[in-house]
Amino acid sequence: MDTILFLAFTESDGSLAKPALEVLGSAVAMGAPLTVGVIGASIAAASQQVGGCGATRFLSVTGEEFGRSRYSTDAAAAEAIARAAGATLVIAPASSRTNRALPGVAHRLDGAIDTHVTAIADGGSVTRWYYRQRMEAVVNRTARPWFILLESGCHTAWTGEPREASFETVAVSLPPLRTAVTGVRSPQSGEQTIRPDARLLFVAGAGWTKKQADGQPHPREAEELILGFLHKTKASLGGSKSLVDLSGEGEAVLQFMTHLNQIGQTGATPRHPKGLSTCCHGEEPHVVGWRFITERRAVNLDPNCGWARGKADVLYVADAFEVMRKVNALLG
Ligand SMILES: Cc1cc2nc3c(=O)[nH]c(=O)nc-3n(C[C@H](O)[C@H](O)[C@H](O)COP(=O)(O)OP(=O)(O)OC[C@H]3O[C@@H](n4cnc5c(N)ncnc54)[C@H](O)[C@@H]3O)c2cc1C
């Protein structure tokens, strides 16, 4: 029978974020002997979160040098915990941090790893995506330890009464550190517009910046309408490639839009129950990013746009400026 190590890094406040708790939920649901391994500058809040999960062992690596993502320290900490736990399955949330560090750790332990996993079945097989989520495969492996990185939004998060876990500290011998983390630089988007948990994805296309019926573009009004809608609904904002490329070139359009908002083949594939596309043509490279949006609607002036060809459940042939003005007014 397999034994499980749930492995996660804490946030800056010492807690485990929701994606980590989703993976813990999946690990607990497997019903196999479970060890919890946590890494971070502080693990105090995480200790309360996982204390009641039923694990037989709690292992930790803590210290300032483990607070920031850096391959050498992350890999050394994860390796030390994996060796101490001796589990056959190591299950961790898929984040930029684990996607980067854990493949090397699997190699050091002579094991195997699968990333982009969306489900772990009772028998231990996993479901994962290939080719930017165009193909789904069920994978079984005999190699152990088998590291499995589970994507967010694929399992319900583990919740339980806060209870202090009794952690054993695992010693780590660090290699000489060549990388100093001096800070994090992220694209300037002005405000947080990407909300993975939102019920609605609102997509803005390049049409918002094009000349309108009066022969003039109206980017300022476009900004007001879009931001107004986002503030009222707390929807998540996506963009077409044409629009985010314009913003990236510093054009005076939609300052809050960055490449992180891009949906599509070369962008993101978010999961929301509903999506509303506006001023976007609905071309295939864009619409493949909508594959997990359950109900799709679009507003476009063009009755022959891509959305009309079976890509949207409802297409409103209308001026998005007028529609969103009215919608915002109705929302109050
Ligand atoms: C290899 C490759 C990868 C790509 N990857 C991606 C990707 O990941 N994501 C992506 O988005 N694209 C991607 N593209 C580009 C994609 O093919 C399209 O060029 C892009 O999505 C077009 O963006 P758009 O629909 O916003 O702009 P446009 O094609 O310019 O369409 C603007 C639309 O706005 C409508 N419009 C204008 N004014 C209004 C109004 N007032 N009311 C309502 N509608 C209005 C117009 O009718 C038009 O349909 C990729 C292309 C290639 C070749």
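Using +1 at the Cβ of each Lys and Arg and -1 at the Cβ of each Asp and Glu in the chain, identify which of 71, 222, 111 lies farthest towards the dipole's positive end. About the Cα centre, the residue reaching furthest to the positive side is 111.
With a/c under 1.5 counting as rounded, go ahead and sort the range 171-313 into rounded, prolate or oblate using the C-alpha gyration tensor (a ≥ b ≥ c being the square roots of the eigenvalues; past the cut-off, prolate if a/b is larger than b/c, else oblate). Judged from the Cα gyration tensor, the range 171-313 comes out prolate (a/c at least 1.5, a/b above b/c). When only Cα pairs below 8 angstrom with a gap of at least 6 residues are kept, the range 4-169 shows a relative contact order of 31 percent. Counting neighbouring beta carbons within 10 Å and listing from fewest to most, the residues 122, 245 come out as 122, 245.
Just checking the listed ones, 52, 275, 40: in the Gaussian network model of the chain with Cα springs under 10 Å, the one fluctuating most is 52.
The stretch between residue 181 and residue 331 holds 49.6 nm of extra length on full extension. This uses 0.36 nm per residue minus the Cα-Cα distance.
Magnitude of the Cβ-charge dipole of the chain, K/R +1 and D/E -1, about the Cα centre, nearest 20 debye?
Numbers: 33 positive and 32 negative charges, 72 e Å.
In debye, rounded to 20, the chain gives about 340.
For the chain, relative contact order (Cα pairs under 8 Å, six or more residues apart, normalised by length) works out to 14 percent.
Springs join every pair of Cα atoms under 10 Å in this Gaussian network model of the chain, and among 315, 227, 174 the largest mean-square fluctuation is at 174. Candidate cross-link partners of residue 232 among the lysines, defined by an alpha-carbon separation under 17 Å and a same-chain spacing of 8 or more, comprise 274, 326.
Which trypsin sites (Lys or Arg not before Pro) in the range 212-287 sit in a loop by DSSP (not H, G, I, E or B) and have at most 14 other Cβ atoms within 10 Å of their own Cβ? Counting only loop positions with at most 14 other Cβ atoms within 10 Å, the trypsin sites (Lys or Arg not before Pro) in the range 212-287 are 234.
Ranked by Cβ crowding within 10 angstrom, fewest neighbours first, how are 173, 69, 60, 240 ordered? Walk me through the numbers before you get to the answer.
Details: 173 7, 69 16, 60 21, 240 30.
Fewest to most other Cβ atoms nearby, the residues stand as 173, 69, 60, 240.
For a label point 7 angstrom out from the Cα of residue 107 toward its Cβ, which stretches of the range 150-189 have the backbone nitrogen within less than 14 Å? What the label zone holds, given the 14 Å backbone N cut-off, is no residue at all.
Within the chain, which DSSP H helices have Cα atoms that stretch 18 Å or more along the helix axis and a mean Kyte-Doolittle hydropathy of at least -0.5? Intermediate results must be reported in sequence, preceding the final value.
Numbers: long enough: 71-85 (21 Å, 0.31); 96-108 (19 Å, -0.93); 219-233 (21 Å, -0.29).
Within the chain the helices that satisfy the rule are 71-85, 219-233.
For the chain, a Kirkwood hydrodynamic radius built from all Cα pairs, placed in the Stokes-Einstein relation at 10 °C and 1.306 mPa s, yields a translational diffusion coefficient of 73 µm²/s.
Among the GluC sites (Glu not before Pro) in the range 191-264, those located in a DSSP loop and surrounded by at most 10 other Cβ atoms within 10 Å of their own Cβ are 191, 249. Dividing the summed helix terms, -39500 (n - 2.57) for each DSSP H run of n ≥ 4, by the number of residues in the chain produces a 222 nm estimate of -8000 deg cm²/dmol to the nearest 500. Computed from backbone phi, the HN-Hα couplings of the range 118-128 come to 10, 7, 10, 7, 4, x, x, 7, 10, 10, 8 Hz, rounded to whole numbers (Karplus: 6.51 cos²θ - 1.76 cosθ + 1.60, θ = phi - 60°; Gly and Pro given as x). The loop-placed trypsin sites (Lys or Arg not before Pro) in the range 111-195, going by DSSP, that have at most 16 neighbouring Cβ atoms within 10 Å of their Cβ come out as 132, 134, 141, 163, 178, 185.
Electrostatic bookkeeping for residue 292 treats Lys and Arg as +1 and Asp and Glu as -1; over the other residues with beta carbon under 13 Å from its beta carbon, the sum is +3.
Values in this text are rule-based calculations from the coordinates and carry no lab data. Quick caveat, the model's predicted, so the values are computed rather than measured. So basically every Cβ, Gly included, is an ideal-geometry build from the backbone, and we count neighbours across all protein chains shown.
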